[in-house]
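The values are calculated or read from the model by the stated rules, or taken from the named source; none is laboratory data. Fair warning: this is a prediction, and the values are worked out from it, not measured in the lab. Counting neighbours? That spans all protein chains shown, and the Cβs are built from the backbone with ideal geometry, glycine included.
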Amino acid sequence: MTTEPPAFPRTPASAGAREIAEKYCSRALLNHCLRSYVWAAAYGSREGVPYDPELLYVGSLLHDIGLVPEFDSHFVGFDEASGHVAHVFATGAGWDAARRAALVDVVLSHTWDVVDADVHPEGFLLERSTSMDVSGRYMDDFPAEFKAGVLRRLPRAGIAKEYLACFRDQAERKPSSSPARALRNGLADGILGNALDV
C-alpha cells in the first residue's frame, strides 16, 4: 500500500467539523480523531469497503466530542452525548434526516463490539480505526512504515494517559456507560500497552 495517508475531505461540513474539533479538543484528542479518519479511510480504500469520505470524516472528528467538558453529559455516556452533538451539527449543516441519522449511527457504532460493514460501512471503519488507535487492536492492518508516517504527521501527544483518565471519570460517574463496560473488559491494559506508543 502507499505510504502516503489519505487526504482529508474538503467540503463545508468537513471544514466545520474540523473547526469544532480544533476549538474543543486537546491536541492529543484532536490528533486521535484525525488519525482515526486516516486509519479508517486507508483501510476502507485498500479493502474495497465503500464509504462516504465526508460522512466518515465528520464522524471521526465528532465521535469523542462528548468527552470534553463542554459537551459532557451527566446522564448518558460520552458516545451517546457525541451522537447528540453530531445530530445538532448535521442539522445546522443542512443535512437531510437520513444523512443526519447516518452520522449519528457512525458516531454511536464506533463503540459497538461488532459492526456490519454492509449495513454501516463508515461505522465499521471507525470502530476498527478507533480500536487500533486507542487499545492496539488490529495492529496488523498496516505496515510499520505507513503507521510511522501517520504518527509523524499526527503525533500521539499523550493520548493514552488522557483517554484513560477520561474513561475512568466516565465510568465512575456513569457505571452503565460504554466506558465502564470497556474498562471492566480490560480496556486499560490495551490502552497502556498500545504498540503505537512504543
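Looking only at the range 106-122, residues that are without any contact (Cβ under 8 Å) to a residue 24 or more places away in the chain and not in a loop (DSSP other than H, G, I, E, B) come to 1 in all.
Screening the range 24-46 for residues that are out of contact with any Asp or Glu (no Cβ under 9 Å at 6 or more places or on another chain) and not hydroxyl-bearing (Ser, Thr, Tyr) and picking the one that is surrounded by the fewest Cβ atoms within 10 Å (Cβ to Cβ) gives Arg27. Could you list, in sequence order, all residues of the range 188-198 that are in a helix (DSSP H, G or I) and at pLDDT 90 or above? Passing the criteria: Ala188, Asp189, Gly190, Ile191, Leu192, Ala195, Leu196.
Only one of the listed residues (Arg128, Arg168) is among the basic types (Lys, Arg), under 14 Å from the mean Cα position of the chain (by Cα) and at negative phi. That residue is Arg128. Evaluation of Gly83 against the conditions (1) touching a Phe, Trp or Tyr at 6+ places or on another chain (Cβ under 9 Å); (2) under 23 Å from Phe167 (Cα atoms) shows that the sole unmet condition is (1). Of the listed requirements (1) free of Cβ contacts under 8 Å to residues at least 60 places away in the same chain; (2) assigned to a helix (DSSP H, G or I); (3) closer than 29 Å to Asp169 by Cβ, Glu54 misses just one: (3).
Among the residues of the range 65-91, those that are over 17 Å from Arg181 (Cβ atoms), touching a residue at least 40 places away in the same chain (Cβ under 8 Å) and either among the hydroxyl-bearing types (Ser, Thr, Tyr) or assigned to a helix (DSSP H, G or I) (or both) comprise Ile65, Glu70, Phe71, Phe89, Ala90.
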